[in-house]
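Only one structure is covered here, and it is reproduced in the block below.
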Amino acid sequence: MEHTIDRRAFLRLAGLGGVAYASGLAGCAGALTSNKDFYFVQLSDAHWGFEGPPNPDARGTLPKAVAAVNSLAPEPDFIVFTGDLTHTTDDPVERRRRLGEFKRVVGRLHVQEVHFMPGEHDASLDGGAAFQEFFGSTHYTFDHKGVHFIVLDNVSDPAGKIGDAQLTWLAADLGKTDANLPIVVFTHRPLFDLYPQWDWATRDGAAAIDLLMPHPNVTVFYGHIHQENHHMTGHIAHHAARSLIFPLPAPGSQPKRTPLPWDDAHPYKGLGFREVEAQQHGQAYLLQELPVGRGAS
């Protein structure tokens, strides 16, 4: 018999630690009050195909995360992967093999609605061609229960830019979007200059932020930096997610951007995924970080 775990009880029953973070313009998050309230799950940076230190369970971590998400009850409305589905390779045949394997693993997810976007490891060497063969467009929009979602591609260009054509597309989309409609943006790299020395920035990200600024209810979720980070540009909140392969150091905390070592006493430490609960018609978000496996923190 298959058992599911209520998402609010998940950490307590597993004996694990977690972090909750409230974000939005509607004030403190409270009890669900509308049938338009919902939640989704964000996963990021699986790097399927990576082998070796610092993760001795490189091929097991993603399946464990899939199982953990499947244990949540009720099921999330949808799931989004914010890039670096696979680990980079110069071989286009190997790139497609990894993308195909990744797709088969995440095909075990119970949730029917799953959204994908590339990271630079998936797309920068071929302009996103292989990614599109498996997952479709690298940038797009969708709407869900009164929230407008925008997926931006800031990785297919090897220079780390969104590009003029996509910025024009974004401007057109925002131009026909009600100014008061809550907007959630998914991207891989941060749109702001978090730490450009480590490629933790988007070269024309400021242009995207300028386009978003006239809209009062905007939140950005991204990956790439393999750790939690919360930042504000004006009224826009930006939230980075943990990875599913290895954690990276805090911005500028050490000379090089090398992965943090594996902790045998606390396996999967620093790895995990996130649930995002949209409240009050999507104008406030309650974030909760969940671990990959038992014993993680």
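Residues that are at pLDDT 95 or above, within 22 Å of ASN229 (Cβ to Cβ) and not hydroxyl-bearing (Ser, Thr, Tyr): does segment 88-108 have at least one? No: zero hits.
Among the residues making up segment 125-163, those that are within 22 Å of ALA278 (Cβ to Cβ) and without any contact (Cβ under 8 Å) to a residue 24 or more places away in the chain are TYR140, ASP143.
Output the helices (runs of 4 or more DSSP H) that fall wholly within segment 63-152 and possess 1 or more residues being buried (at least 22 other Cβ atoms within 10 Å of the Cβ), touching a Cys at 6+ places or on another chain (Cβ under 8 Å) and of a type in the set (Phe, Trp, Tyr), or say none. It would help to see each step written out before you state the result.
Working: elements: 92-106, 120-123, 129-135.
Here the list is empty.
For the condition on the phi > 0 side of the Ramachandran plot and not basic (Lys, Arg), GLY119 does not qualify.
If you go through segment 58-69 and keep only what is in contact (Cβ under 8 Å) with a residue 60 or more places away in the chain and either among the aliphatic types (A, V, I, L, M) or in contact with an Asp or Glu (Cβ under 9 Å, 6 or more places away or on another chain) (or both), you end up with ALA58, LEU62, LYS64, ALA65, ALA68, VAL69. Candidates in segment 153-173 are the residues that are small (Gly, Ala, Ser) and touching a helix residue (DSSP H, G or I) at 6+ places or on another chain (Cβ under 7 Å); of these, the one that is surrounded by the most Cβ atoms within 10 Å (Cβ to Cβ) is SER156. Set side by side, the residues GLN227, GLN197, GLN166 differ, and just one is within 19 Å of the chain's Cα centre (by Cα) and farther than 22 Å from PHE78 by Cβ, which is GLN227.
What residue, among those in segment 175-190 that are touching a His at 6+ places or on another chain (Cβ under 7 Å) and within 14 Å of ILE209 (Cα to Cα), is surrounded by the fewest Cβ atoms within 10 Å (Cβ to Cβ)? The extreme case among them is ILE183.
To keep it simple, each residue is scored yes or no on (1) within 23 Å of PHE81 (Cβ to Cβ); (2) touching a residue at least 12 places away in the same chain (Cβ under 8 Å).
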{"site": "GLY223", "(1), (2)": "yes, yes"}
{"site": "MET232", "(1), (2)": "no, no"}
{"site": "PRO255", "(1), (2)": "no, no"}
{"site": "LYS269", "(1), (2)": "yes, yes"}
{"site": "ARG274", "(1), (2)": "yes, yes"}
{"site": "GLN279", "(1), (2)": "no, yes"}
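Farther than 17 Å from ARG189 by Cβ, out of contact with any strand residue (DSSP E or B) (no Cβ under 6 Å at 6 or more places or on another chain) and basic (Lys, Arg), is that true of ARG98? The answer is no for ARG98.
What is the residue count in segment 92-125 for residues that are acidic (Asp, Glu) and closer than 23 Å to THR168 by Cβ?
Step one: list which residues in segment 92-125 are acidic (Asp, Glu), which gives 94, 101, 113, 120, 122.
Next, from what is left, pick out any that are closer than 23 Å to THR168 by Cβ: 120.
Qualifying residue count, segment 92-125: 1.
The values are calculated or read from the model by the stated rules, or taken from the named source; none is laboratory data. All of these numbers come straight from a predicted model, not from anything done at the bench. Note that we place each Cβ from the backbone using ideal geometry, even for glycine, and neighbour counts take in every protein chain shown.
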